[in-house]
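S.K.: Below you'll find the structure I mean.
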Amino acid sequence: PSADSESGAPGQESQVLSVLVALPAHSPLSATPLHYTHTGRLPPGTLVRVPLGARAVLGVVWDDVPLPQQEGLQLRPLLEAFTALPPLDASWRRLVTFTAHYYQRSMGEVALSALPPQLRDLDGTQLARRLRKLAADKGLEARTASAPLPLTPQQQQALDTLLAPADGGTAPRPCLLFGSTGSGKTEVYLQAVARTLEQEPGAQVLVMVPEINLTPQLEQRFADRFPDQRIASMHSGLTPAQRLQGWLAAHTGQARIVLGTRMAVLASLPGLRLIVVDEEHDPSYKQQEGARYSARDLAIYRAHHAQARILLGSATPSLESWHQSRPAGDGDAGGRYLRLAMPARIGAAPLPRVRLVDMNHQHRRCVFSPQLLEAMAERAARGEQSMVLLNRRGYAPVLHCADCGWKSECPHCSAYRVFHKIDRTLRCHHCGFTERVPRACPSCGNLDVQTLGQGTEQLEEALAHELRALTRPDGQPLVIARVDADTTRHAGSLEQQLARVHSGDVDVLVGTQMIAKGHDFRRITLVAALNPDTALFSSDFRAPERLFSLLLQAGGRAGRDAAIGSTSELWVQTRFPTHALFAALQRHDYPAFAAQQLEERAAAGMPPFSYQALVRAESREQQAAQDFLNAASSAAADVPEAAEVFCYPAIPMTPQRVANRERAQMLLESGNRAALQRFLPQLAQQLHAQRNRTILRWAIDVDPLGI
Ligand code: ADP
Ligand code: ZN
Ligand code: ZN
């Protein structure tokens with residue numbers, strides 16, 4: 001191949017460089033780095049700008065990849081090298097390579113999506129200016145640090161085990177901190193971070209939380225404890241300038257503490273010594289588009305290769321992590337992780353009492369059982385707060401005509417649109433299609449169109465009606481507030497609403513699961529789940545795990561303040577009060593629940609006893625989508641790598657049609673993770689080959705959630 005001749009300094013030869021750029025995932029070029037020429041050496045990890053067609057794009061110099069032999073190949077010189085910035089280190093490059101291979105995406109896509117978007121728009125001079133500004137402006141206030149709390153024996157033991165020196169040369173074992181809500185896990189994180197930062201001058205720590213809503217609280221606790229540390233935040237709620245600044249601070253080592261959501265796992269952290277994954281069971285750690293990575297699983301990989309410590313924390317661990325942390329037993333060497341247990345709640349505030357209401361004894365349309373209403377009224381009369389959990393937002397899931405059977409289906413999806421009373425719209429929660437509610441049935445003209453089922457809006461209204469005669473201790477009427485995706489659409493509105501709850505303005509809080517997570521509500525002493533039953537018999541085998549975790553988390557919101565004195569309660573209305581899940585819940589017995597679930601999973605050969613991947617395809621026709629998937633799997637069935645992998649036939653997804661696209665999926669399963677990993681590239685090759693113009697999109701999801 002003849003490289004472009006470039007007029008470089010004498011004695012400096014023109015070199016060929018491998019460079020990763022962001023290419024569409026399935027572009028034929030995306031599998032390997034591209035090649036460019038440059039005068040003089042540039043170390044791998046250097047950020048560069050290169051020509052791509054008529055555009056100039058950001059790229060990362062990659063470890064040498066041999067140039068394909070091709071006659072008359074003309075290589076173009078790169079446009080600019082950002083030498084003011086230290087190169088991305090080998091550990092980060094290894095993480096990118098692993099992520100791309102494991103999740104079947106291109107390295108360029110993974111690498112470039114892990115960089116702050118604003119980096120694409122800056123030239124070398126602008127970048128150098130940002131770096132100077134960053135070094136000058138530390139953004140710290142002179143404050144005194146909040147003192148570390150004297151640890152309980154359980155906390156102390158967890159901390160000591162986590163920080164114990166690893167055997168020479170080996171990576172420390174990942175630790176699972178199994179601690180009840182309010183057991184003081186965050187204090188353990190804080191002290192582990194403090195000790196790690198003291199150990200080495202350049203040490204960095206990464207602390208991850210599942211939800212962006214939880215970052216402000218955690219940031220505050222870290223800022224209070226470490227007033228002289230720069231803390232970099234990484235989540236999707238930041239402006240492009242803030243994201244760039246945080247990324248640069250982490251990359252240059254000026255920020256030694258990085259807090260963020262799942263995206264933070266791909267940050268450049270040259271001094272990484274400790275990773276904390278809080279609420280490690282939370283499904284939000286799984287990215288749902290592009291490279292569908294699990295930030296928790298990548299964190300484990302990353303810590304291992306950086307020889308850093310890693311702490312996964314949860315009151316209801318994922319069954320994967322629970323199984324992986326099982327102690328050694330007869331004939332079983334045990335899991336790879338260490339399990340650290342903190343069963344006791346700080347301040348000895350007892351765990352909430354679980355009250356099951358058998359809804360078989362209520363009339364069919366009953367939403368609030370009289371017992372529950374009475375309990376809520378008692379709490380309110382004492383100035384305490386209650387929280388009511390419901391799955392569905394909106395007023396009522398469906399509008400319905402009793403005369404002709406019309407229902408408020410979405411014209412673009414195989415799903416019903418939800419009635420939102422507040423702005424009198426029918427809204428599709430899958431494609432977003434929104435219309436004014438019709439005055440009469442669109443099909444027969446009947447003026448009496450009714451609602452079916454309850455959403456949060458209707459619940460708030462019904463509850464207000466039920467509790468209308470009650471007053472607070474000061475004689476004022478009760479205040480009921482709703483928090484869900486509809487009431488928190490605007491930036492800052494969630495914080496405002498939560499502040500109202502904290503200040504005691506609200507007596508009853510109604511909401512979807514977003515209120516159940518992490519928030520520290522001091523005066524809530526009663527939590528109620530109205531209709532959890534669908535999760536008991538869901539086709540998604542992880543539904544019971546999620547329900548148990550949600551209920552235990554939600555219960556954990558109650559009674560966090562021992563000073564209030566009254567016993568906190570978790571109320572569950574169900575038609576299956578004898579179900580094993582509720583029995584374990586009543587005893588707050590996660591280990592019993594997990595054991596029973598793992599036994600079922602082992603018998604059925606499901607994760608964590610097998611490994612799965614899901615291939616999804618979209619087309620205008622359902623049959624075309626299924627045919628495409630089935631054709632690819634038949635074509636791949638003969639390769640030797642297919643031996644240990646079972647491909648199920650393609651089936652429609654639920655909902656089957658979204659935004660006028662028919663969706664199908666095909667499940668792959670293997671008892672051997674490596675075998676599945678070897679097969680996936682073979683299958684991907686067939687998917688490329690079998691793709692025709694009827695296929696709008698396809699993607700592979702490795703270790704999928706929500707099947
Ligand atoms: P978790 O993260 O496990 O839900 P937190 O870390 O938020 O629990 O702790 C619950 C409460 O207990 C917090 O108010 C915290 O300040 C307090 N706390 C934690 N550890 C201690 C300790 N060792 N001594 C006294 N209070 C503590
Ligand atoms: Zn009708
Ligand atoms: Zn729709």
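Values in this text are rule-based calculations from the coordinates and carry no lab data. Bear in mind that the values here come from a model prediction, so they are computed numbers and not experimental data. Every residue, glycine as well, gets a Cβ built from its backbone with ideal geometry; the counts of neighbours run over all protein chains shown.
S.K.: Using 7 Å Cα-to-Cβ label points, what is the Gln15/Ala241 separation (nm, one decimal)?
M.R.: For the pair Gln15/Ala241, the computed spacing is 3.6 nm.
S.K.: Another one. Determine, from the Cβ-Cβ distance of Arg195 and Asp423 and an R0 of 41 Å, the FRET efficiency 1/(1 + (r/R0)^6), rounded to the nearest 0.05. Walk me through the numbers before you get to the answer.
M.R.: Working: r = 52 Å, r/R0 = 1.27.
FRET efficiency, Arg195 to Asp423: 0.20.
S.K.: Any idea what Rg and Dmax come out to for the chain if you just take the C-alpha atoms, in Å?
M.R.: Considering the chain through its Cα atoms, Rg and Dmax are 27.6, 91 Å.
S.K.: Antiparallel DSSP bridges in the chain: what percent, to the nearest 5?
M.R.: Roughly 50 percent of the beta bridges in the chain run antiparallel, per DSSP.
S.K.: Next question. Once you have the Cα-Cα distance between Ile707 and Arg143, take 0.36 nm times their residue separation minus that, and quote the gain in nm to one decimal.
M.R.: Working: separation 564, 0.36 × 564 = 203.04 nm, distance 4.91 nm.
Extra length available between Ile707 and Arg143 comes to 198.1 nm.
S.K.: Roughly how many Å is it from the Cα centre of segment 169-233 to that of segment 240-275, as a whole number?
M.R.: Here the two parts' Cα centres lie 13 Å apart.
S.K.: Another question, then. What's the extension gain from Ala689 to Asp403 if we count 0.36 nm per residue and subtract their Cα-Cα distance? Show your work: numbers first, answer last.
M.R.: Numbers: separation 286, 0.36 × 286 = 102.96 nm, distance 5.08 nm.
Length difference between fully extended and current span is 97.9 nm.
S.K.: Tell me, what HN-Hα J-couplings in whole Hz come from the Karplus equation 6.51 cos²θ - 1.76 cosθ + 1.60 at θ = phi - 60° for each residue of segment 193-207, using x for Gly and Pro?
M.R.: Along segment 193-207, the couplings run 5, 4, 5, 5, 5, 5, 5, 9, x, x, 5, 10, 10, 10, 10 Hz.
S.K.: A follow-up question, please. What are the extents of the Cα atoms of segment 144-222 along their three principal axes, in Å, largest first?
M.R.: 39, 29, 28
S.K.: Let me ask you something else. Return the sequence-ordered ³J(HN,Hα) values of segment 271-276 in whole Hz as given by the Karplus equation 6.51 cos²θ - 1.76 cosθ + 1.60 applied to θ = phi - 60°, using x for Gly and Pro.
M.R.: Working through the residues one at a time gives x, 4, 10, 8, 10, 10 Hz.
S.K.: Sticking with this one: What is the distance in Å between the Cα centres of segment 420-449 and segment 46-106?
M.R.: Result: 51 Å between the Cα centres.
S.K.: Go ahead and collect, in residue order, the members of segment 361-379 whose backbone nitrogen is under 17 Å from a label point 7 Å along the Cα-Cβ direction of Arg468.
M.R.: Answer for this model: 368.
S.K.: Could you work out the percent of alpha carbon pairs in segment 492-538 separated by over 17 Å, rounded to a whole number?
M.R.: Values: 425 of 1081 pairs.
Of all Cα-Cα distances in segment 492-538, 39 percent exceed 17 Å.
S.K.: Next up: Find how much the distance from Glu600 to Asp121 grows on full extension, using 0.36 nm per residue of separation minus their present alpha carbon separation; answer in nm with one decimal.
M.R.: Values: separation 479, 0.36 × 479 = 172.44 nm, distance 5.21 nm.
Length difference between fully extended and current span is 167.2 nm.
S.K.: While we're here: How large is the translational diffusion coefficient of segment 273-428 in µm² per second when you combine the Kirkwood radius over alpha carbon pairs with Stokes-Einstein at 10 °C and 1.306 mPa s? Could the numbers behind the result be given before it?
M.R.: Numbers: Rh = 21.4 Å.
Translational diffusion coefficient: 74 µm²/s.
S.K.: Towards the positive end of the charge dipole of segment 42-149, with charges on Cβ (+1 Lys, Arg; -1 Asp, Glu), say which of Thr144, Pro44, Leu67 has the farthest Cα.
M.R.: Thr144
S.K.: At a Förster distance of 60 Å, what's the computed FRET efficiency of Leu73 paired with Ala543, Cβ-Cβ distance as r, to 0.05?
M.R.: On the way: r = 54 Å, r/R0 = 0.89.
Efficiency, from the Cβ-Cβ distance: 0.65.
S.K.: Relative contact order of segment 294-392, please, whole-number percent, based on alpha carbon pairs below 8 angstrom and at least 6 residues apart. Can you show the working numbers first?
M.R.: Working: 36 pairs, mean separation 9.8, N = 99.
After rounding, I find 10 percent.
S.K.: If you don't mind, another one. Once phi is turned into ³J(HN,Hα) by the Karplus curve 6.51 cos²θ - 1.76 cosθ + 1.60 with θ = phi - 60°, what whole-Hz value does each residue of segment 641-657 show in order, with x for glycine and proline?
M.R.: Per residue, the Karplus-derived 3J(HN,Hα) values read 5, 7, 3, 9, 10, 9, 9, 6, x, 5, 9, x, 7, 10, x, 5, 10 Hz.
S.K.: Restricting attention to segment 622-707, which trypsin sites (Lys or Arg not before Pro) occupy a DSSP loop and are surrounded by at most 10 other Cβ atoms within 10 Å? Write down the numbers at each step before the final one.
M.R.: Numbers: sites: Arg657, Arg661, Arg663, Arg673, Arg678, Arg691, Arg693, Arg697; in loops: Arg691, Arg693.
Those satisfying the criteria are Arg693.
S.K.: Once both axes come from the Cα atoms, what is the angle between helix 590-604 and the longest principal axis of the chain, in degrees from 0 to 90, rounded to 10?
M.R.: So the helix axis and the longest Cα principal axis differ by about 60 degrees.
S.K.: A further question on this structure: In Å, what is the Rg of the alpha-carbon atoms in segment 571-707, and how long is Dmax?
M.R.: 18.6, 56
S.K.: Could you state, as a whole-number percent, how many of the C-alpha pairs of segment 532-611 are farther apart than 22 Å?
M.R.: 31
S.K.: For Ile700, Ile257, what's the fewest-to-most ordering of other Cβ within 10 Å of each Cβ?
M.R.: So the residues, fewest neighbours to most, are Ile700, Ile257.
S.K.: In vacuo Debye scattering of segment 43-118, one point per C-alpha: log10 I(q)/I(0) at q = 0.15, 0.20, 0.25, 0.26 Å⁻¹?
M.R.: For segment 43-118, the Cα-only Debye profile gives -0.60, -1.02, -1.34, -1.37.
S.K.: Student exercise: in the chain, how many lysine pairs 8 or more apart or on different chains have Cα atoms under 26 Å apart? Don't skip to the answer; put the middle values down first.
M.R.: Working: Lys185/Lys286; Lys185/Lys517; Lys286/Lys517; Lys407/Lys421.
Qualifying lysine pairs in the chain: 4.
S.K.: What's log10 of I(q)/I(0) for segment 96-139 at q = 0.28, 0.33 Å⁻¹, Debye sum over Cα points only, no solvent?
M.R.: Log10 I(q)/I(0), no solvent term: -0.90, -1.05.
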